[in-house]
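Asker: My structure is below; once you've seen it, I'll send some questions.
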Amino acid sequence: MEDAKVAVVGAGDMGHGIAELFAVSGYEVTLMDKFPQALEKARGRVSASLARLVERGRLTKEQADAAFGRMRFSGDMKSSVAEASLVVEAVPESKDLKKAVFRELDALAPSEAVLASNTSNIRISDLAAATSHPGRVVGMHFFNPPMVMKLVEVIPGERTDPAVTKRAMEISGKIGRTPVRVLRDTPGFIVNRINAADTLFFCLLLDKGVASPPEIDTYARGQGLPMGPYELIDFVGVDIGADSLAYFASALSPEYGKGVTFGRMAKEGRLGKKTGKGFYDWSSGRADIPTVEPTDKVSIMDIFALEINESVKLVEEGVATPEDIERGVVLGMNRPFGPITVAKDLSNAEVKSKLEELAAKFDCSIFAPTRAIAEGRMRDAVEGRLAPKPEPKAANVQPEGPRETGGDPVRLERLPGGVAKVIINRPRLNTLNAQVLDRLDAMVGELSGDPSVRAVVVTGEGPVFCAGADLSQFFSNSVAFMDFARKGAKTMKKIAEMPKLTIAVLKGYALGGGLELALSCDVRVATEDVEIGFPELSRGLVPAWSGSQRLAKLLGVSHAAFMILTSERIRGKRAYEIGLVNRVVESGDPDEFAVKYAAGLASSQAPVAVMLAKSLLNKGAEAAMDDGLEMEAMAAGILFATEDLKEGISAFLGKRKPEFKGK
Ligand SMILES: NC(=O)c1ccc[n+]([C@@H]2O[C@H](COP(=O)([O-])OP(=O)(O)OC[C@H]3O[C@@H](n4cnc5c(N)ncnc54)[C@H](O)[C@@H]3O)[C@@H](O)[C@H]2O)c1
């Protein structure tokens, strides 16, 4: 059999079950664990499980013995993986630990072996970055218990070889599982991303004292659920819930860090079943749930709305199709139907107003209606009619280690009519790093001295302008961090003072450093749905490439304080209303619009006058009024001697278009 030799690393709850599943499916399996006691326990669990399968008539005694005979238990990594064509990593959910294991696997497993991770939440790209061949790393997320649960989420990282993803899908099918392909590597993938919003909600309910665990669990059981949410969290481990919220807070949004009760219980060692006490007493082996009246403060509609919201986010972000989200939730959470089915039975208005109520009540933006729902397009999203938009939070969650830049990070196109187009062209939503700043700096110098260029369009490759600075660049130490801030501010200043008309095209996302780049241009055109904002404070930063200064000067302190201090994002129309952008592109390609607009300005505005007016705006605005007025007068004096002034006036009088020469 192809891929006949499998190694499973980590013989705990998941690892022993995954290994058993492969063995029952005919594979030779080595189950490896660093701890001998864990291996012994796993051996006992596998043989007990096989015996149960025989008892229930699912396997004959011979089949069970043969499966057990195909298993080897080992404490040695090198020999365990030496001949494996597939390695499944199932060590505890710690990014550092998993990266160390992947580094080891990279060195010890055959070069053609597929390296899969069973991580619940961690981005595959982050684990792959620890290896020298990220192309062979893929996510294979099994569900607990693997022998029973039919779902495997298959997650390619950013650099996973498509052939490796295909193999992971095929292998999942061969072991009788239903693989669901996750299209974009994002924390928690499909099922656990949806779960995370529920977990946060159940934590916040306790933080705010809305109702007690027994009251909520009694209500949930009354709704037909086999277990209430707190009984389930106790069963799985309160620490697992707390850790996953902490991971989502660091990797997706700090809002996931808002809940406190679960973290506090984890610190106190009240982990649920495994420590005998969590929300309930488990000393009898089962949760001792006091008899209480069900709460009327929580409704099943809360959960429906939250899960629909997360599902629509996944569609918007291009993480998965509605069909796969439905399949994932049904198979991964053992539900009779999933959020997509529920959404088809509810109106957009109902879901939206429930989400608005929850977001306000818990002061939590995770619960706020996502864009499609806010815009009344829930049905389009769940029926597959919504084109996905790239994920903005990715800028916050950069893959680590060396990355390919995919060619020149800033491209220059010279277009007819005196227009140049500067295009940021970087993987991961055109984020800016030191290399981009250097290229921009050099390009601005080149264009500034080029009389054939009169207007410059600054844009991003693809549907996004720029999602901000590449944060993975500057967390090493404070001196490097400060230098990077200065470098960025210097480049922005150079762009602002460039003696040419500059037009930024805000589309997709214009966030953080991307917004600072846009603020350094003279004119901003924006699409209606662009998301504009300064997420810095929500990441423990401040805008440090001149954004705090420029925005306050441009809009006044009130709007600037709002945008910077709340990190709330605004869209194109709102940005237009407050004067942050100058034109909204309602339809068509925003780049084409900007280029046409630039060409119009390049021919209608006299170049020397542009240069002097920019200097007056940049420098004169800083000076005392009298000095500024004097600068104006001198500029007028300089212009008086230009040919363009004569041309401008005679064209005006002759009712014709001027032909400026820049002299
Ligand atoms: N438990 C679940 O419900 C569940 C479901 C899906 C995915 N997962 C994921 O599967 C992974 C494993 O979870 P689990 O619940 O089986 O954990 P676990 O703690 O039960 O098992 C982990 C095992 O890894 C072993 N181990 C630790 N360091 C090791 C190393 N360096 N080399 C080899 N073995 C090592 C431990 O001895 C332990 O036996 C995690 O990433 C988890 O998020 C868990």
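Bear in mind that the values in this text are calculations on the coordinates, not laboratory data. Nothing here was measured: the structure is a model prediction, and the numbers come from that model. Cβ sites come from the backbone with ideal geometry, for glycine too, and all protein chains shown count toward neighbours.
Asker: Using +1 at the C-beta of Lys and Arg and -1 at the C-beta of Asp and Glu, which of G318, A249, A368 has the Cα lying farthest in the positive direction of the dipole of segment 191-382?
Answerer: A249
Asker: Sort 66-76, 642-652, 199-209, 100-110 by packing, meaning the average of other beta carbons within 10 Å per residue, with the highest value first.
Answerer: Listed from highest to lowest mean packing, they are 199-209, 100-110, 66-76, 642-652.
Asker: Continuing with this model, one more query. Quote the charge dipole size of the chain about the Cα centre in Debye, to the nearest 20; the model charges only the Cβ of Lys and Arg (+1) and of Asp and Glu (-1).
Answerer: Charge dipole, the chain, about its Cα centre: 520 debye, nearest 20.
Asker: Students often forget the sequence filter, so: which lysines lie under 19 Å Cα-Cα from K573 once same-chain residues fewer than 8 apart are removed?
Answerer: Within the straight-line limit of under 19 Å, K573 reaches these lysines: K389, K507.
Asker: Once the convex hull of the alpha carbons of segment 538-596 is built, what does its volume come to per residue, in cubic angstrom?
Answerer: 112
Asker: Per-residue HN-Hα couplings for segment 181-191, Karplus 6.51 cos²θ - 1.76 cosθ + 1.60 at θ = phi - 60°, whole Hz, x for Gly and Pro?
Answerer: Karplus values, whole Hz, x for Gly and Pro: 8, 7, 8, 9, 6, 9, x, x, 6, 9, 5.
Asker: Okay, next question. Can you work out the Karplus-derived ³J(HN,Hα) for every residue in segment 224-234? Use 6.51 cos²θ - 1.76 cosθ + 1.60 with θ = phi - 60°, whole Hz, and x for glycine or proline.
Answerer: Working through the residues one at a time gives x, 6, x, 9, x, x, 6, 4, 5, 5, 4 Hz.
Asker: For segment 443-514, what relative contact order do you get, as a whole percent, if you take Cα pairs closer than 8 Å and at least 6 residues apart?
Answerer: 58
Asker: Once amide H atoms are placed 1.01 Å from N in the peptide plane, what residues at a sequence separation of 5 or more from K277, or on another chain, have their amide H within under 5 Å of its amide H?
Answerer: L271, G272, W282
Asker: Counting pairs of alpha carbon atoms under 8 Å apart in space and at least six apart in sequence, what relative contact order in percent does the chain give?
Answerer: Once normalised by length, the contact order is 7 percent.
Asker: Would you calculate the separation in nanometres between label points at T275 and K78, each defined as 7 Å from the Cα along the Cα-to-beta-carbon direction?
Answerer: Label-label distance for T275 and K78, simple model: 3.9 nm.
Asker: Per Stokes-Einstein, at 20 °C and 1.002 mPa s, what whole-number D in µm² s⁻¹ belongs to segment 65-174, with the Kirkwood radius over Cα pairs as the hydrodynamic radius?
Answerer: For the chosen part, D equals 150 µm²/s.
Asker: Can you give me the long-range amide H partners of E317? Hydrogens built in the peptide plane at 1.01 Å from N, cutoff under 5 Å, separation of 5 or more residues or another chain.
Answerer: K389
Asker: Restricting to bridges with both residues inside the chain, how much of the DSSP beta-bridge set is antiparallel, in percent to the nearest 5?
Answerer: If we restrict to bridges inside the chain, about 25 percent are antiparallel.
Asker: Moving on to the next point. About its Cα centre, how strong a charge dipole does segment 191-382 have in debye, to the nearest 20, once Lys and Arg get +1 and Asp and Glu get -1 at the Cβ?
Answerer: Dipole of segment 191-382, to the nearest 20 debye: 260 debye.
Asker: Follow-up question, since we're still on this one. How large is ³J(HN,Hα) for each residue in segment 123-129, as worked out from phi by the Karplus curve 6.51 cos²θ - 1.76 cosθ + 1.60 (θ = phi - 60°), to whole Hz, x for Gly and Pro?
Answerer: Here the 3J(HN,Hα) series is 4, 5, 4, 5, 6, 4, 5 Hz.
Asker: Give me the lysines in straight-line cross-link reach of K614: C-alpha distance below 24 Å, same-chain residues under 8 apart excluded.
Answerer: Partners found: K421, K487, K490, K493, K494, K500, K553, K596, K646, K657, K661, K663.
Asker: How large is log10 I(q)/I(0) at q = 0.12, 0.14, 0.16, 0.20 Å⁻¹ when the Debye formula is applied to the Cα atoms of segment 191-382, each weighted equally and without solvent?
Answerer: -0.57, -0.79, -1.03, -1.53
Asker: Can you find, among F202, A469, L225, the residue farthest towards the positive end of the dipole of the chain? Put +1 on the C-beta of Lys and Arg, -1 on that of Asp and Glu.
Answerer: Highest projection toward the positive end goes to A469.
Asker: Greater than 30 Å separation of Cα atoms is the criterion. Which listed pairs, K78/K313; K150/K267; K99/K313, meet it?
Answerer: K78/K313; K150/K267
Asker: So, with +1 on the Cβ of K and R and -1 on the Cβ of D and E, and no other charges, what is the size of the charge dipole of segment 5-181 about its Cα centre, to the nearest 20 debye?
Answerer: Value, rounded to 20: 340 debye.
Asker: Okay, next question. Which cross-chain or sequence-distant (5 or more) residues have an amide H under 5 Å from the amide H of E531, H modelled 1.01 Å from N in plane?
Answerer: The list, which skips near neighbours in sequence, is G508, Y509, A510.
Asker: Can you compute the radius of gyration and Dmax for segment 606-653, using only the Cα atoms, both in Å?
Answerer: Using the Cα atoms of segment 606-653, the pair Rg, Dmax is 11.9, 36 Å.
Asker: When only Cα pairs under 8 Å and 6 or more residues apart are kept, what is the percent relative contact order across segment 135-177?
Answerer: In percent, rounded to a whole number, it is 41.
Asker: Please express the Cα-Cα pair-distance distribution P(r) of the chain as a list of whole percents, one per 20 Å bin, running from 0 to the bin with the greatest distance.
Answerer: 17, 44, 28, 10, 2, 0
Asker: Can you give me the orientation-averaged projected area of the convex hull built on the Cα atoms of segment 403-541, in nm²? Walk me through the intermediate numbers first.
Answerer: On the way: hull surface 33.2 nm².
Seen from a random direction, the Cα hull of segment 403-541 projects 8.3 nm² on average.
Asker: What is the spin-label model distance, in nm, from K657 to K166 if the labels are put 7 Å beyond Cα along the C-beta direction?
Answerer: Reported label-point gap for K657 and K166 is 5.3 nm.
Asker: If R₀ is 35 angstrom, what is the calculated FRET efficiency for the pair E568 and S604, using the beta carbon separation as r and rounding to 0.05?
Answerer: E between E568 and S604, to the nearest 0.05, is 0.45.
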